[in-house]
Amino acid sequence: MAAITMPQIIGIYQNALDVYDGKTKIIDAITNMTLLGMHQKSARMYLVAANAMLEGTHYGSTINEKATVYFLDKILDDFGADGLKRALTAMKSHLDYQTGRNNLPGLLSVYNEYSESLG
């Protein structure tokens with residue numbers, strides 16, 4: 001599988017915002033991302049994760065650490081501490097779900113760092 005690029009990560013976040021705001025449907029956002037060279041399955045995984053972080057809901061598929069940090073930073077910029085809390089709630093649910101399935105020390109470290117920043 002091809003590595004997810006920074007332009008794709010930025011595109012995912014922008015498309016996830018449009019889904020979150022009701023401006024587009026997830027299937028259209030996936031199509032947008034395939035036009036940026038992402039595989040359809042990867043685009044779906046990343047969009048679902050980003051949208052779940054925006055909503056504070058569970059997501060099952062693991063996304064890379066670089067994308068996770070970018071999404072957390074953007075959510076903090078765009079929605080403040082309350083938005084970051086929602087994103088961390090989603091991330092915690094994901095990490096709990098992955099316990100015993102996948103060892104994710106990097107993502108756990110990111111989660112702990114951002115959680116501590118909230119106080």
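Translational diffusion coefficient, Stokes-Einstein: compute it for segment 1-45 using the Kirkwood radius over C-alpha pairs as Rh, at 10 °C and 1.306 mPa s, and state it as an integer in µm² s⁻¹. Spell out each step's value before the answer.
On the way: Rh = 10.3 Å.
Stokes-Einstein gives a translational diffusion coefficient of 154 µm²/s.
How long is segment 29-89 along each principal axis, judged by its Cα atoms, biggest number first, in Å?
If we take the Cα atoms of segment 29-89, the spans are 33, 21, 19 Å.
log10 I(q)/I(0), Debye, Cα-only the chain, no solvent, q = 0.10, 0.17 Å⁻¹?
-0.27, -0.79
Taking the mean number of other Cβ atoms within 10 Å as a proxy for protection, how do you rank 72-79, 11-18 from highest to lowest? Before the final figure, lay out the partial values.
Numbers: 72-79: 17.0, 11-18: 21.8.
Listed from highest to lowest mean packing, they are 11-18, 72-79.
Given a cut-off of under 8 Å on Cα pairs at least six residues apart, what relative contact order in percent is computed for segment 1-85? Write out the running numbers ahead of the final one.
Working: 69 pairs, mean separation 22.1, N = 85.
Computed over segment 1-85, the figure is 26 percent.
Please give the FRET efficiency for THR89 paired with ASN64, using the beta carbon to beta carbon distance and R0 = 25 Å, rounded to the nearest 0.05.
Numbers: r = 20 Å, r/R0 = 0.81.
Working from the Cβ atoms, E equals 0.80.
Against the longest alpha carbon principal axis of the chain, how many degrees, from 0 to 90 and to the nearest 10, is the axis of helix 6-20 turned?
90 degrees
What 222 nm value per residue comes from the helices of the chain, counting each DSSP H run with n ≥ 4 as -39,500 (n - 2.57) and dividing by all residues, nearest 500 deg cm²/dmol?
Details: 5 runs with 88 residues, N = 119.
Taken over the chain, the calculation gives -25000 deg cm²/dmol.
No value in this document is a laboratory result; all are computed from the given coordinates. This one's a predicted model, so the numbers in the text were calculated from it and none came from an experiment. Cβ sites come from the backbone with ideal geometry, for glycine too, and all protein chains shown count toward neighbours.
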